[in-house]
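Accompanying notes for the structure given below.
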Amino acid sequence: MENSMIEDIVRQVIEDLKKDEEISFESQTKNSMNNYGVFDNMDEAIDAADRAQKQLYELSLDERDRFANVIRKTILKEDNLNLMSVMAVEETKIGRVSDKKIKNRVAAQKTPGKEDLKTNALTGANGLMIEEYCPFGVIGSITPTTNPTETIISNSISMIVGGNAVVFSPHPRAKKTSILLIQMLNKALVENGAPENLITMVKEPSIEATNEMMKNPKVRLLVATGGPGIVKTVLSSGKKAIGAGAGNPPVVVDETADIKKAAKDIVDGSSFDNNVPCIAEKEVFVVETKADDLIYYMRQNGAYLLDNETDIKNLDELVSQENGKPKTEFVGKDAKYILEKIGIEVSEDIRLIIFKTNKYHHLVQEEMMMPILPVVPVPNVDEAIECAHEAEHGNRHTAIMHSKNVDKLSKMAKLLECTIFVKNAPSYSGIGVGGEGSTTFTIAGPTGEGITSAKSFCRIRRCVIKDSFNIR
Ligand code: NAD
């Protein structure tokens, strides 16, 4: 079946479901019986999560892992995957359905389970010591518009495996999608014997509701996945907080790279979900002897080259606010849509807009989250690495390099100090899409947890028994 036909069918199903959802949601909240995790106000959402966590704490790690598998199975049902991916794009007006499906699938499949929680044990003449990963209790997790479902899926798995319950504070623009997902997960969990309300949110997310969540003493850990503002806010809350903030991932291409492959990898990574992932390639620094080759192969792989100053200026003005920040209405939009707005018609195959410029260009320095990728030719690889360092702005988030020179690869990795450094592959290899390693959509650079997983959301506690259990 044609992709567009599938999308039409799914769209119809969503419309029907939304009606059902509203009806059932209304009736559920009226009699306050089972709202599957969605509450009228923040205090109720937190109290319910607190009760759920206390029940979860009485259950074994195997049970928590089984609940995580319930989440995985629910998400991996093709109908559910389609539903939440289409709905996320429809509601937020950000990204591509086919890529959202890949992201949701990988969040379900590759977020680690109980194997992540390894006990540290030590025996000696004085007995036995163990250190275990233990729950915080109720976690407050603030999620972005750009990965609304992926973050909830991955966080829920990790936090529940860690023995926690979670209150989500989604972006208001992803409200309906978040409600649908949270109700879907709670329903599946309850049907499989889990405590009710392990995952909660309020019916009307808002900044005020998030502030209430941050202040509530029952919330013991805050997790913010978003831009610099919200990361700063949770870090100033006086509570333990995990911050997963903005990036502006640079790519360096040197003369030793396989240019044809690098070009395809860069287009694939940069256009993935229309460039909204915080790890996606956002600007390229290429040694000037290889710049034209790189651009030639990028164009063969779905990139459209703007080759005159007027078009580049029009594009910049179209998508940028006066203060240089991206205009929300262009974040995560298709390249074709953006080009049409500056009077350029292209086919559906075009996924990315590229143009040659210098390192000072505003679209090089600003995190835009649109399928627009400036390409900056530079005299040599050392200068390319320096430019990449500057453009990354000390976020220490993600960087990508295409090279076969081990010394230069090491130089860039060491200088930029990023949480994720991808060599000779698209950026998404760094979160387990086609690359080795687990998946998360909460990449905690500022607070150092890195690729978050169950253990990131746990406290380490020590238990000691003196003069026993040393059996050697
Ligand atoms: P955003 O910062 O606008 O919003 C993120 C969340 O914070 C939303 O739920 C929003 O409602 C909330 N929020 C923002 N300001 C707030 C305030 N003052 N008080 C209370 N709540 C507030 O970001 P976005 O546009 O949704 O997401 C894109 C940004 O997130 C980009 O900068 C991107 O790089 C970053 N991001 C980072 C990661 C990561 O893992 N490091 C993952 C995804 C997105």
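The values are calculated or read from the model by the stated rules, or taken from the named source; none is laboratory data. Predicted model, so just to flag it, every value in this text is computed and none were measured. We place every Cβ from the backbone using ideal geometry, glycine too, and count neighbours over all the protein chains shown. With ligands, DNA and RNA removed, areas are computed over all heavy atoms of the protein, side chains included. Shrake-Rupley method; radii C 1.70, N 1.55, O 1.52, S 1.80 Å.
All conditions in (1) among the β-branched types (Val, Ile, Thr); (2) open to solvent by less than 10 Å² (accessible area, probe 1.4 Å); (3) in a helix (DSSP H, G or I) hold for VAL223, with the sole exception of (3). Restricting attention to segment 75-91, the residues that are crowded, with 21+ Cβ neighbours inside 10 Å and polar (S, T, N, Q) add up to 2. Here is a check on your reading of the model: is ALA399 part of a strand (DSSP E or B), assigned by TED's automatic domain parsing to the domain that holds VAL287 and either modelled with pLDDT under 95 or of a type in the set (Gly, Ala, Ser) (or both)? It is true that ALA399 is part of a strand (DSSP E or B), assigned by TED's automatic domain parsing to the domain that holds VAL287 and either modelled with pLDDT under 95 or of a type in the set (Gly, Ala, Ser) (or both).
Take residues that are in contact with a Leu (Cβ under 7 Å, 6 or more places away or on another chain) and tell me which of the helices (runs of 4 or more DSSP H) falling wholly in segment 139-219 contain 3 or more.
Working: elements: 148-161, 175-191, 207-215.
In segment 139-219, the matching helices (runs of 4 or more DSSP H) lie at 148-161.
Consider segment 191-220 and keep the residues that are crowded, with 18+ Cβ neighbours inside 10 Å and closer than 15 Å to ARG64 by Cβ. The one that is nearest to the chain's Cα centre (by Cα) is ILE199. Do you know which of the residues in segment 384-406 that are touching a residue at least 40 places away in the same chain (Cβ under 8 Å) and farther than 27 Å from ALA444 by Cβ is surrounded by the most Cβ atoms within 10 Å (Cβ to Cβ)? Among them, the one singled out is ALA384. Going through (1) open to solvent by 50 Å² or more (accessible area, probe 1.4 Å); (2) over 25 Å from THR145 (Cα atoms); (3) in contact with a helix residue (DSSP H, G or I) (Cβ under 9 Å, 6 or more places away or on another chain) one by one, TYR360 falls short only on (3).
Given the criteria surrounded by fewer than 24 Cβ atoms within 10 Å (Cβ to Cβ) and closer than 19 Å to GLY450 by Cβ, does ALA280 qualify? In short, no.
Screening LYS455 with (1) closer than 29 Å to ILE139 by Cα; (2) open to solvent by less than 60 Å² (accessible area, probe 1.4 Å) gives one miss only, at (2). For the criterion of being more than 16 Å from the ligand (Cβ to nearest atom) and out of contact with any Lys or Arg (no Cβ under 6 Å at 6 or more places or on another chain), ILE130 passes. Against the numbered list (1) without any contact (Cβ under 8 Å) to a residue 40 or more places away in the chain; (2) within 14 Å of the ligand (Cβ to nearest atom), ILE279 comes up short only at (1). Of all the numbered requirements in (1) more than 14 Å from the ligand (Cβ to nearest atom); (2) within 24 Å of GLY394 (Cα to Cα); (3) open to solvent by 10 Å² or more (accessible area, probe 1.4 Å), GLY269 misses one, and that requirement is (3). Which one is farthest from the ligand (Cβ to nearest atom), of the residues in segment 356-396 that are assigned to a loop (DSSP other than H, G, I, E, B) and aliphatic (A, V, I, L, M)? Per the stated criteria, the residue is MET370.
Considering only segment 227-246, how many residues are open to solvent by less than 20 Å² (accessible area, probe 1.4 Å) and within 11 Å of the ligand (Cβ to nearest atom)?
6
Within the set LYS114, LYS187, LYS110, LYS175, the sole residue that is touching an Asp or Glu at 6+ places or on another chain (Cβ under 6 Å), in contact (Cβ under 8 Å) with a residue 12 or more places away in the chain and either over 26 Å from LYS333 (Cβ atoms) or open to solvent by 10 Å² or more (accessible area, probe 1.4 Å) (or both) turns out to be LYS114.
Scanning segment 439-449 for residues that are open to solvent by 10 Å² or more (accessible area, probe 1.4 Å) and more than 8 Å from the ligand (Cβ to nearest atom) returns PRO446, THR447, GLY448, GLU449.
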